[in-house]
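Here's the structure we're looking at; comments come further down.
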């Protein structure tokens, strides 16, 4: 089963290691912390910031990835999100698909957002397909927008609205439950 749980102090080192994994880092627009002290400062600031929320994605009770929402204090009731599967053995097993559904439920339920949006590197076909499957639609394309590894990369803007999630939620959650990825 895939679940989301709140961050704990024990997650700091895990996030530091995941974020430095080449398979995670290659798809991130930002730069990973270069030292653990730098990461610890980010982690502490993240956890105390009312504008952001993050959850550890768990698979069978074990930490597998990270999902975040940023911009929660906006008067527009929208937030940017990002997620990744940090554990290599959890990739390609539906973890991201299930985590997205659980995250969208929190975003549009508990947090009462109207819109969730994302920036995805244009060549990240896995993330683009996963987000499209969850109902995200393409809203824009930013050429040479993110600098990564000394090169500029294109970015796709994706978003889903609360009413769009409500329309597709039942069937999407039922398919995840039938696949035994989430609790029914």
Helices (runs of 4 or more DSSP H) enclosed by segment 32-139 - at least 2 residues per element that are surrounded by fewer than 21 Cβ atoms within 10 Å (Cβ to Cβ) and free of Cβ contacts under 8 Å to residues at least 40 places away in the same chain: 36-48, 125-134
Hits in segment 9-25 - residues which are free of Cβ contacts under 8 Å to residues at least 40 places away in the same chain and not in a helix (DSSP H, G or I): 9, 10, 20
Qualifying position, being touching a strand residue (DSSP E or B) at 6+ places or on another chain (Cβ under 9 Å), closer than 23 Å to residue 10 by Cβ and at pLDDT 95 or above, among 104, 67, 60, 72: 67
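The values are calculated or read from the model by the stated rules, or taken from the named source; none is laboratory data. Everything numeric here is computed off the predicted structure, so don't read it as measured data. Every residue, glycine among them, receives a Cβ derived from its backbone with ideal geometry; neighbour counts consider all protein chains shown.
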